[in-house]
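Have a look at the structure below before the remarks.
The values are calculated or read from the model by the stated rules, or taken from the named source; none is laboratory data. The structure displayed is predicted, hence computed values, not measured ones. Virtual Cβ from ideal backbone geometry, glycine too; neighbours counted across all protein chains shown. These accessible areas exclude ligands, DNA and RNA; they are computed on the full protein's heavy atoms, side chains included. Shrake-Rupley method; radii C 1.70, N 1.55, O 1.52, S 1.80 Å.
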Amino acid sequence: ATAPPSGDACPIPHDVWSLLREWFGRKSGSNRGRFLSRKIEVAERRLGIPYGSLVSPESSRFLVGVDMDSGPAVGFPRERVVRFAEKHGPVEAVRCDPGANFFICSFSAQIHCEAAVHDLRANPRIFDRLCMGLFARDAHGGASASDARTTSTDDEDAISAARLVPGLRIYLDAVSADEERKILEEIDRGGDSLWKKLRFRRVCHYGFPFNYQTRRADESPCIAFPPVISELCDRFLAEKKISEKVDQLTVNDYSPGGGIPAHVDTVDAFGAEISSLSLHGDVVMDFTHPDRNETVRIQEGKTTK
């Protein structure tokens, strides 16, 4: 490998230099950039590839996450890397060497990798250390993402359906039978005055009401979350089933045999995640690709196409 150049000539894209300077200020950001370049060089030596051949200056379908914290590299937990990657789309392979200061994910399409890089740059401490997301030129080896799921733990009850529906995650038995009973009792305690009748169902809202005429959540708060629901949301957040604190909740009550027509949720009215909890019955949900005639049916944690 050739000797690394100094300063801005180091092989990291200019937008990354700009991001580091935005994070840390011009002088500290430049120092961080040189530090990142050295980290990349260490990764390249470990991979056995020439200097400057790891990072791509343009978007690709390969993500490389680089540990930017000082001190010895401790490696990235493979299962967490796989979970993070699968939020953004189908993952073909993951390289996560023990004790390495980097990981590499290979996505099925460039658009999924771009989403993951954007997420990592927006949340650089998602792995409990400062991590920079970059595009790589190649996958540089790696095993199938499914290899990370050879064992199951309590918080690994999530079934990844990302290969069929990018971004979707399913958690079986997310609440106990006792929690389900308490939630339903609390909702029923509010009485009929809380409910609004719609064509296919009735709804009630907590936190902020959703206006079905404007397709927006009204700014004026409505009923506060009952303690049992607040505690449940806090638990989901701690268990990383959700990534942000919940401040708006819509309860949909369907009659037996009822349902709701195909629709697209109002994306710009909420954040990046929309979570749904099914109570008092199994849910059947069809996901249809907006551009292709493909439908995936989700029932009792199983996916069929």
Pair list, Cβ under 6 Å, 6 or more apart: the stretch 275-292 residue among the small types (G, A, S) and open to solvent by less than 100 Å² (accessible area, probe 1.4 Å), other residue modelled with pLDDT of 80 or more and not in a strand (DSSP E or B):
S275/I242
Contact list, first residue from the stretch 212-232 and over 23 Å from R189 (Cβ atoms) and touching a residue at least 24 places away in the same chain (Cβ under 8 Å), second anywhere and part of a loop (DSSP other than H, G, I, E, B) and of a type in the set (S, T, Y), beta-carbon distance below 6 Å, six or more apart or interchain, is R215/T266
Inside the stretch 231-262, can you point out the residues that are touching an Asp or Glu at 6+ places or on another chain (Cβ under 9 Å), acidic (D, E) and open to solvent by less than 70 Å² (accessible area, probe 1.4 Å)?
E239
May I ask you to say which residue of S176, S193, S230, S220 is of a type in the set (G, A, S) and at pLDDT 90 or above?
S230
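Please go through the stretch 181-207 and give me each residue that is assigned to a loop (DSSP other than H, G, I, E, B) and touching a Leu at 6+ places or on another chain (Cβ under 9 Å), ordered by number.
Start the filter on the stretch 181-207 by keeping residues that are assigned to a loop (DSSP other than H, G, I, E, B), which leaves 190-191, 195, 198-201, 207.
Within the stretch 181-207, just G207 meets the criteria.
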Tally of residues being closer than 12 Å to F102 by Cβ and under 28 Å from the mean Cα position of the chain (by Cα) across the stretch 45-61
3
Would you confirm, using the coordinates I've provided, whether V203 is modelled with pLDDT of 80 or more and open to solvent by less than 40 Å² (accessible area, probe 1.4 Å)?
yes
